[in-house]
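Okay, so here's the structure we're looking at.
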Amino acid sequence: MTLTKVFVLDPLNPSKDVIEYCCREVKRGALVVFPTETVYGLGAYVFNIDAVRRVFLAKGRPPDNPLIVHVASVDQVHQVAEAPPDIIKTIAEKVWPGPLTVILRKRKEIPPEVSGGLPTIAIRMPAHPIALELIECVGPIAAPSANISGRPSPTEPHHIYSDMLGRVDIIIDAGSTFFGVESTIIDLTSDPPKLLRPGALPHEKFSEILGKQVVVTDVARGLAESGIAVAPGMKYKHYAPRTPLLIVETSDYSNIDSYAQKVVEVARERCVNKRCIILASRETEVKYRAYGFSVVAIGSRQNMYEIARNLFTALRELDRLGADLAIVEGFSEIGLGLAIMNRLRKASGFNIVKVD
Ligand code: TXA
Ligand code: MG
């Protein structure tokens, strides 16, 4: 057990004294839970090997699942990456700070623990004032999401308290994160660039800004498991609540009434003698309630940001409600929808039924 110091900060106007205190402690090897625009991170100073090792212990994370290094400037990218390609300048100008992680070649000074022994390194510049001020002061910070390994990423303060209190030295509580799903990971060591994890920045947006197409594999869609090497994190069970999930998918969500009717049929068949909950959008929740089902609503299909933001809270909520099974609506894989479907499919352990 570690004694955890907690600071509650205003995300837009954080106390300089607290940031300076945290900076000193992190430089000395402390573990800090800090907010980013996507999800909370569990950070250690990248050049402190002991602190990096403690990150894996605190999360219960397998050592071959590498961390993302968070930077606050292009200068810090050069401290971490070996000869970063020119495209980094455009990314720094047009996308960062923001929810995009890139894979580059690693500098040999970076401890192998950070990258799970890979020759590459994941790097991003988070768009959160507290994260940026802290990283500017400390230097590059290696940080996975601040959840216990396998659980949904923390997007609300109560998630970090329940997962990390007593496991880290410092928690910086700055309220809800902004996006609710993690950053998009794009591998820039392959040509064309390859999407490793869809996230808060739609890959379509990346292509539009950088003028480069991105390869989207079934692994990125959450439809297949990867082996090793390319994105080690993807071979582990992720985001999973204890409640079993069944995702009901269709190839066309435009006729939402007929889709919801099919979800009702699946639920009626699968929920015999079970306590079922339907994880639904606002457009369809009334229908399910009319059939007597309990519903957790996660937002409107017209606003995928709202759905992304509520997603991990909803997954944790299912466990609190103690259902035997959750029937989960699908979403079309456009924009943020791809990140949402990747998380849901993986959280379900690929338990999917198609209703076309
Ligand atoms: O939004 C985010 O990205 C959050 C916040 C805290 O920044 N971080 C996050 O970290 O989601 P984590 O550790 O939960 O997920 C990092 C993913 C893992 O799936 C890992 O395998 C992959 O990034 N990764 C890290 N380094 C890699 C590398 N060199 N090559 C391929 N994948 C890598
Ligand atoms: Mg994670």
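Return yes or no: is residue 226 modelled with pLDDT under 95 and near ligand 1 (Cβ under 10 Å from one of its atoms)? Spelling it out, residue 226 is indeed modelled with pLDDT under 95 and near ligand 1 (Cβ under 10 Å from one of its atoms).
Condition first: surrounded by 15 or more Cβ atoms within 10 Å (Cβ to Cβ) and either part of a helix (DSSP H, G or I) or at positive phi (or both). Now tell me which residues in region 61-82 satisfy that. Residues satisfying the conditions are 74, 76, 77, 79, 80.
For every residue, the table says whether it meets (1) among the β-branched types (Val, Ile, Thr); (2) modelled with pLDDT of 95 or more; (3) over 18 Å from the mean Cα position of the chain (by Cα); (4) closer than 26 Å to residue 47 by Cβ.
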residue	(1), (2), (3), (4)
142	no, yes, no, yes
156	no, yes, no, no
171	yes, yes, yes, yes
200	no, yes, no, no
204	no, yes, yes, no
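The helices (runs of 4 or more DSSP H) found entirely in region 246-338 that carry 1 or more residues being surrounded by fewer than 21 Cβ atoms within 10 Å (Cβ to Cβ) and within 23 Å of the chain's Cα centre (by Cα) are 304-321.
Look at (1) within 14 Å of ligand 1 (Cβ to nearest atom); (2) surrounded by fewer than 23 Cβ atoms within 10 Å (Cβ to Cβ) and you find that residue 133 fails only one, number (1).
Within region 9-60, how many residues are more than 16 Å from ligand 2 (Cβ to nearest atom), assigned to a loop (DSSP other than H, G, I, E, B) and crowded, with 24+ Cβ neighbours inside 10 Å? Selection size over region 9-60: 1. Apart from one condition, residue 145 fits all of (1) touching a Lys or Arg at 6+ places or on another chain (Cβ under 9 Å); (2) among the small types (Gly, Ala, Ser); (3) surrounded by fewer than 19 Cβ atoms within 10 Å (Cβ to Cβ); the exception is (3). None of 168, 215, 219, 138 is under 26 Å from residue 350 (Cβ atoms), of a type in the set (A, V, I, L, M, F, W, C) and buried (at least 18 other Cβ atoms within 10 Å of the Cβ) except 219. Considering only residues in region 116-130 that are aliphatic (A, V, I, L, M) and more than 8 Å from ligand 1 (Cβ to nearest atom), the one that is nearest to residue 186 (Cα to Cα) turns out to be 123.
The values are calculated or read from the model by the stated rules, or taken from the named source; none is laboratory data. A quick note: this is a predicted structure, and the numbers were derived from the prediction, not measured. We place every Cβ from the backbone using ideal geometry, glycine too, and count neighbours over all the protein chains shown.
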